[in-house]
1. For B:LEU41 and A:HIS70, what is the calculated FRET efficiency with R₀ set at 45 Å and r taken between the beta-carbons, to the nearest 0.05?
2. Past 18 Å, Cα to Cα, is the threshold; run A:LYS183/B:LYS47; A:LYS132/A:LYS157; A:LYS73/A:LYS157; A:LYS73/A:LYS132 against it and keep the listed order.
3. Assuming a ≥ b ≥ c are the square roots of the Cα gyration tensor eigenvalues, decide whether the stretch B:7-77 counts as rounded (a/c under 1.5), prolate (otherwise, with a/b larger than b/c) or oblate.
4. Would you calculate, for chain B, the mean residue ellipticity at 222 nm contributed by helices, counting each DSSP H stretch of 4 or more residues as -39,500 (n - 2.57) and dividing by all residues, to the nearest 500?
5. Rounded, prolate or oblate, given the Cα gyration tensor of the stretch B:1-41, with a/c below 1.5 counting as rounded?
6. Specify the inter-centroid distance of the stretch A:1-40 and the stretch B:37-54, based on alpha-carbon positions, in whole Å.
7. Add +1 for every Lys or Arg and -1 for every Asp or Glu among the other residues with Cβ under 12 Å from the Cβ of B:GLU67, and state the total.
Amino acid sequence: MNAPIIADGVLIQRYMQGNQAAFETLLNRHRNRIFTSIYLLVNDRYLAEDIFQETFIKIINNIQAGKYNHEDKFLPWAMRIARNLSIDTIRSKKRMPVVVDSEGRDVFDCLGISVQSREDEQVNQDEISALKFWIRELPEEQREVLILRNYAELSFKEIAILTNTNINTCIGRMHYAILNLRKKMQKNAVKIK
Amino acid sequence: MIKPITQSDLLLFFYNEADEVTASVIRENLSDNQEWQSYLLELEAFKSETRSFNLSPNSTTLAIILEESRSQLEHTL
C-alpha cells in the first residue's frame with residue numbers, strides 16, 4: 001500500500017518546526033516542474049539554474065520568516081516567485097550588450113558555450129530541440145500559459161491570478177497555443193514521442 | 001435543454017477543471033459526439049508529446065539549496 005501523500009502545507013509546517021527532511025520532500029516533489037518552467041521561460045540552462053536557486057532561497061527565507069500563509073497553494077506561490085525572477089532576468093538580459101565578433105556573431109556562441117545540458121544530450125536532440133524551438137516561437141502570452149499549465153501544472157484559475165488576466169483569456173491563449181504548436185509540428189513533420 | 005458545450009469547456013474538462021454540470025454533460029454525450037472525441041484525442045496527443053520534455057536542476061544547484069535550508073534552520077532554531 002502506498003503511503004499517503006503529505007500535503008505541501010504540512011511539509012512547510014514541519015520544516016518550520018525543524019524538520020529538514022520535510023523541506024527535501026517539498027523540493028523533490030516540485031523541482032522538475034518548476035525548473036522546466038523556468039527553463040522554457042528564459043530559454044537558457046545556466047540562467048535557469050540561477051533562477052531556480054534564487055527562487056528556492058527566497059522560498060526558504062520567506063518560510064523561515066513566517067511569511068508563508070498560502071496553506072496548500074505552495075506551487076502557485078513558488079511559481080509566482082520563479083516567474084517574477086524570470087521576467088526580471090529576461091529584462092536585464094535584454095539590456096546587456098551582446099559581444100559580437102568581426103562577422104557579427106555572438107562570441108559566446110562561437111566559443112561553443114551553449115545552453116545544452118547533459119540531460120538534453122541524453123535525450124534525442126532533434127525531438128527536444130524541435131519542441132523547444134516551437135515553444136519559443138509561440139506568441140509570448142500563449143507561451144506563458146502553455147508553460148504554466150502544461151509544465152508547472154497550475155490551474156487556469158491560478159494562471160489567471162498569476163498573470164493578472166481572467167480565466168477565459170487564459171483558456172483562449174492555451175487553445176491557440178495548442179493549435180499553433182500542433183500546426184507547426186505537423187507542418188514540419190516533427191513527431192515528438 | 002442540454003447545455004451547449006464549447007471548446008473552452010472541453011479544454012477545462014480535459015484538465016479536470018470543468019464544473020460538475022458541464023463535466024457530466026460531456027461524459028454523458030461523449031460517446032455520440034465525434035467532434036468532441038477528436039478534440040480530446042488531439043489534446044491527449046499534444047499533452048503526451050509536450051510532457052516528454054522534463055528537466056531537472058543539476059545536483060550542485062540542489063546541494064546549494066539544501067545547504068541553505070539547513071543553515072537557515074540552524075539559525076532559526
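Read-outs throughout are calculated quantities, based only on the coordinates presented, and are distinct from any laboratory measurement. Quick caveat, the model's predicted, so the values are computed rather than measured. Cβ coordinates were reconstructed from backbone atoms using ideal geometry, including for glycine residues, and neighbour counts include every protein chain displayed.
1. Result of the calculation: an efficiency of 0.80.
2. Beyond 18 Å between Cα atoms: A:LYS132/A:LYS157; A:LYS73/A:LYS132.
3. Cα axes put the stretch B:7-77 in the oblate bin.
4. That comes out to -22000 deg cm²/dmol.
5. Verdict is oblate for the stretch B:1-41.
6. First find each Cα centre; the distance between them is then 27 Å.
7. Every neighbour counted, the sum reads -2.
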